[in-house]
Amino acid sequence: MPQKKESLFLKYPVISGTLVFILITGLQYFTVKDYDLKLNKESQRVNDQLNLIQKQISDALSNSISTTRVIEYIENTYGIDNDFDIIAAELINENTFIDAIQLVEGGTIKFTYPLEGNQSVIGYNILDNPETREEALLAIERKQLYFAGPMTLKQGGIGVVGRNPIFKNGEFWGFSAVIIKFDAILEIADIKLSEQNPFHIQISKINLTDKKEVFFLPLPAKPLTGYKNETILKEGDWKLSVQLKESTALKEVMPFLILRIVLSAFLGVLAYYLTKMPSILQKQLDLKTSELKESNTRFELAAKATSEAIWDLEVKTGNVYRSDNFEKLFGYTVDKNNSTIEFWINHVHPDDRVRVENEFAEVRKSMEEYWECEFRFKKKNGDYAYVLDKGLIIRDQIGNPTRMIGATKDITKRKISENELIQVSMQLAERARELEISNTELEQFAYCASHDLQEPLRMITGFLNQLEVKYNHVLDEKGQKYIFYATDGAKRMRQIILNLLEYSRIGNYDEKVEDIQIDQVLKNIVILYRRIIKEKNAKIHWSEMPTIRIEKTPAHQIFQNLISNALKYHKTEESPEVNIGYIEDRDNWIFSISDNGIGIEPDYLDKIFILFQKLHPKDQYDGSGMGLSICKKILEKYDGKIWVESKYGEGSTFFFSLPKKN
């Protein structure tokens, strides 16, 4: 039987998709027709508006023709000199659209009504002014009423002037003229210049002098997109144009245009995939088959490559599949004798067996997905290996376990290492406890020693003072100097002992942690050093300071030692100036204390925090060299830091940080 030929559309699905896309895209014809219809409606709106404005302006100006003809007739027939005001008043009453009527002899305005407010135009010759002459001559040339302007009127305001030429015996005699305010024309024509008006209306005219187009209404602030039409008003050679500000035709049809394009593309793609689906399914089937083969091969190779023993348990039967690594790890040949769950349970260490059985039973009853357990497993040679067993539990629809797949890993070496680490940790803990006891005893010794050493020093100082007072008159200059040196040494020794006492007490504050206002701490230190500040004419500045949680004594010690150093190590030719500030980040308060003192050489920036480290002899700057060491030890207790930035001869800035967690 001959094989049935495959359909052209199934063989080439892209043809099906393309044909459907083209057919559905044909619906855009209706979109185009709809767009044309909307454009026609917009153009019709513009044309209607243009015709309406043209008619309203022409109707209004037509009344001016009869008015000027009446003036022309009376002047030619009877002369109008003395009756001009009466006749003009009656004509204006009949045509309220007209603002004024004029009689011009030659080019000179002879009469005007109403006269009030228009006196300035009497005697004005319109033929002498280039701005009015050209359009006046055009009226004479045409021998009919012609409207000039809009222009700035001599009597004020903006208006148009309709001049009707008067001829006597075939010779030009003058004009009968009417004046209409430009605003009145806009009002009668109902021309609205608001933003709400959908039309932009413009009236323009070619200037007869420079031949340039003059626009009499505001130009658009932005480009217009709508339909535009224009016409010429012959009464004054004005060009009237009307344009729709914005065309909405494209916006209105755009959603349908996009929808039809998307629909065409969607149906085209759908047709393509529907005709291609059989070949896609066949390819997917071939791919899955290939992947399954590759997965099986990969699993077999992974099982051989890994150091773990892979197992697969059928829960209902208790049969277990084991990989070849089971023999490598534990020495048992993989066969039906050890491929049961009973074999596994029986080889768990007796001390671990009950715990393992209970955990295994509980995880099967629960809805847990994973199981993990550590225990000891008996090898073929009789030794026990520490193992880590992990398994994935596969359940049926009601949650009962049907299968478990997992791996057994030998962790004997890790367990041995863990036990060794535990022993080392215990030894380190014991050593740390011994060091803590030793440090406590050393601190107590330093406290007792420094306290007990003060008594003999006080005795030495007291007897030296008595010796100086009682025998001062018999001692020569060298003897007095010896007593001074001895007394001074005793005082410095006492200060060192006090500093050692303070150093030994760091961390042993019989105080509670509380909110400390740094601003108040600084005020107390300024009061403490008020005599030195006054003597050295020193200045200490700070802005608003934070409130931190710490014991009161260490906070006071840090700021006092740093401010004391800033006042002490200053240049002799300058008064000390100390600036205190701070910043904060998420975890720390960071304070800075800067001065204009002598500065520190770069080689000594790290040494100044060492106990008893002094950079200057005592005859230059007094001190024990312990202040910065005390600050460093306090800050280390709170997990803080202290550092310095300095330029030798210019000054130093000390920074220290305190964690907010305190």
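The values are calculated or read from the model by the stated rules, or taken from the named source; none is laboratory data. Treat the numbers as computed from the prediction; the structure is a model and nothing was measured. A quick note on method: Cβ atoms are made from the backbone with ideal geometry, for glycine too, and the neighbour counts reach across all protein chains shown. For the accessible areas, the whole protein counts, side chains as well, though only heavy atoms, and no ligand, DNA or RNA atoms are used. Shrake-Rupley method; radii C 1.70, N 1.55, O 1.52, S 1.80 Å.
Structure data summary
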item	result
Where a residue in region 137-149 is farther than 18 Å from residue 67 by Cβ and its partner, wherever it lies, is open to solvent by 10 Å² or more (accessible area, probe 1.4 Å), with Cβ under 6 Å and at least six apart	140/172
Any hit, region 211-231, residues being at pLDDT 75 or above, of a type in the set (Gly, Ala, Ser), under 30 Å from residue 46 (Cβ atoms) and outside any helix (DSSP H, G or I)	yes
Residue among 203, 258 that alone is free of Cβ contacts under 8 Å to residues at least 60 places away in the same chain and within 30 Å of residue 21 (Cα to Cα)	258
Criterion violated by residue 303 - all others in (1) farther than 30 Å from residue 419 by Cβ; (2) part of a helix (DSSP H, G or I); (3) touching a helix residue (DSSP H, G or I) at 6+ places or on another chain (Cβ under 9 Å); (4) at pLDDT 85 or above satisfied	(4)
Hits in region 141-170 (condition: in a strand (DSSP E or B) and either aliphatic (A, V, I, L, M) or under 60 Å from the mean Cα position of the chain (by Cα) (or both))	148, 149, 150, 151, 152, 158, 159, 160, 161, 166
Test: residue in region 66-88 that is within 30 Å of residue 280 (Cβ to Cβ), open to solvent by 20 Å² or more (accessible area, probe 1.4 Å) and either under 60 Å from the mean Cα position of the chain (by Cα) or modelled with pLDDT of 85 or more (or both)	no
Hits in region 223-255 (condition: open to solvent by 50 Å² or more (accessible area, probe 1.4 Å), hydroxyl-bearing (Ser, Thr, Tyr) and in contact (Cβ under 8 Å) with a residue 40 or more places away in the chain)	227, 248
Positions within region 535-566 being open to solvent by 20 Å² or more (accessible area, probe 1.4 Å) and touching a Gly at 6+ places or on another chain (Cβ under 8 Å), in sequence order	542, 543, 561, 564, 565
Residue list for region 589-605, restricted to those being out of contact with any Gly (no Cβ under 8 Å at 6 or more places or on another chain), in contact (Cβ under 8 Å) with a residue 24 or more places away in the chain and surrounded by fewer than 18 Cβ atoms within 10 Å (Cβ to Cβ)	590, 601, 602, 605
Residue tally, condition under 14 Å from residue 407 (Cα atoms) and either among the hydrophobic types (A, V, I, L, M, F, W, C) or buried (at least 16 other Cβ atoms within 10 Å of the Cβ) (or both), over region 343-373	3
Positions within region 207-222 being touching a residue at least 12 places away in the same chain (Cβ under 8 Å) and open to solvent by 90 Å² or more (accessible area, probe 1.4 Å), in sequence order	209, 215, 219
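For every residue, the table says whether it meets (1) part of a strand (DSSP E or B); (2) more than 50 Å from the chain's Cα centre (by Cα).
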{"site": "390", "(1), (2)": "yes, no"}
{"site": "402", "(1), (2)": "yes, yes"}
{"site": "420", "(1), (2)": "no, yes"}
{"site": "429", "(1), (2)": "no, yes"}
